[in-house]
1. On the basis of being surrounded by fewer than 24 Cβ atoms within 10 Å (Cβ to Cβ), closer than 22 Å to residue 298 by Cα, in contact with a helix residue (DSSP H, G or I) (Cβ under 8 Å, 6 or more places away or on another chain) and modelled with pLDDT of 95 or more, does residue 415 make the cut?
2. Which residue pairs have Cβ atoms closer than 8 Å, lie 6 or more positions apart in sequence or on different chains, and pair a first residue in the range 257-273 that is without any contact (Cβ under 8 Å) to a residue 12 or more places away in the chain with a second residue that is within 16 Å of ligand 2 (Cβ to nearest atom) and not in a strand (DSSP E or B)?
3. Among 12, 25, which is the only one that is modelled with pLDDT of 95 or more, over 12 Å from residue 378 (Cα atoms), crowded, with 17+ Cβ neighbours inside 10 Å and within 24 Å of the chain's Cα centre (by Cα)?
4. With the structure loaded, tell me whether residue 9 is away from ligand 1 (no atom under 16 Å from the Cβ), farther than 29 Å from residue 157 by Cβ and in a strand (DSSP E or B) or whether it fails that test.
5. Kindly indicate whether residue 197 is within 16 Å of ligand 2 (Cβ to nearest atom), more than 21 Å from residue 95 (Cα to Cα), touching a residue at least 40 places away in the same chain (Cβ under 8 Å) and in a strand (DSSP E or B).
6. Restricting to the range 152-163, give me the number of residues that are in contact with a strand residue (DSSP E or B) (Cβ under 8 Å, 6 or more places away or on another chain) and more than 27 Å from residue 261 (Cβ to Cβ).
7. So residue 326 fits all but one of (1) more than 20 Å from residue 71 (Cα to Cα); (2) surrounded by fewer than 23 Cβ atoms within 10 Å (Cβ to Cβ); what number is the exception?
Ligand code: GUN
Ligand code: ZN
């Protein structure tokens, strides 16, 4: 049997922590191990006990003294925006028109799409992210390229071809019918193939006509197992324009609700400026608000009120994400560092246990994939990241003052990036380290 025993300081969350002292919210083994068989986790816990369950010809990957965690999950990222990151000086709508749409137009060239899809997955893996919810371009071939590369790596990824039929350059639009047909064909080819999952992806209400929104709603109704992903309430000018385009809707959130696009598999990037009514509607429908801190800061969009959404009586499901290329880093560690600062600017603190829960199990729950990813529980796929809190001289020096696990996690989040990612496994196969 091709068993693999991954040894190290094992950390996996059992539920959302209730505070920085909530020891019962996670499993932590100082001398721990994860046993992998056929790409799945078969045992996790104290090393001696787990090793006893391994076959005689077990291979051992000894990562002591590093931390062994579930791979990171990025709940919102744009594959065609690798060459958009670091575009200067614009807020959302100008940024889309001046930088993003011209760049995405290049994906009419299928070969370009294949090259970027490959580089994209290599880059996220290098940063310890083993699952993304990704936007491709409007071109069907860009989604095919993404899924081919993802499937070849045996990654669990969620992705979709963007649908957009107005307010975008001619080379970057589909039609309600072609968007529907292409999406349908992609779902048939890829949803559930290996570890691939499809997300129906109307870009946002501004770039879809009501006819296309209706088609997107029809797709969601016909494919309830698929995710829906889009953008919501990111920027004030975007909100005003949306309300002008959809005068019958109560507000921006209601636009999606009216077309049957607000449900428990729906992922809404940003959600910065939601009214109480909108937050209630999101909570009641089980929609997911995706917090993209580096992007929200970079584009000057606003401060996502994580604590308000999590503490209200009608609690929102929340995920976190890079939103590259509005976001400025592929690293989920850098992302949670910026999340901490965004929350600090609103007079609150995000504790490190909550951060690492969010990056792993929290995002998996928000994406409805916690039965497969986001934990080290037996039966789930062996997507694993190994973290070194002394990866750089500055980190190693700071670590001399670290006394607790929470302090170590906070150090990793505050100073860490891809250099702190010592190893990465996808379904038990080493892809880094
Ligand atoms: N709203 C619609 N499209 C986009 C996009 O590509 N990035 C961001 N940040 N917001 C959007
Ligand atoms: Zn986005």
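1. So residue 415 passes the test.
2. Filtered contacts from the range 257-273: no entries.
3. Of 12, 25, the one residue that is modelled with pLDDT of 95 or more, over 12 Å from residue 378 (Cα atoms), crowded, with 17+ Cβ neighbours inside 10 Å and within 24 Å of the chain's Cα centre (by Cα) is 25.
4. no
5. No: the conditions fail for residue 197.
6. 2
7. Evaluating residue 326 over (1) more than 20 Å from residue 71 (Cα to Cα); (2) surrounded by fewer than 23 Cβ atoms within 10 Å (Cβ to Cβ) leaves (2) as the failure.
Each row is one residue, and each column tells you yes or no for (1) within 19 Å of residue 42 (Cα to Cα); (2) in contact (Cβ under 8 Å) with a residue 24 or more places away in the chain; (3) buried (at least 21 other Cβ atoms within 10 Å of the Cβ).
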residue: 361; (1), (2), (3): yes, yes, yes
residue: 384; (1), (2), (3): yes, yes, yes
residue: 393; (1), (2), (3): no, no, no
residue: 421; (1), (2), (3): no, yes, yes
residue: 430; (1), (2), (3): yes, yes, no
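The values are calculated or read from the model by the stated rules, or taken from the named source; none is laboratory data. Remember, predicted model here, so these are calculated numbers, not experimental data. Heads up, the Cβs are rebuilt from the backbone with ideal geometry, glycines too, and the neighbour counts pull from every protein chain shown.
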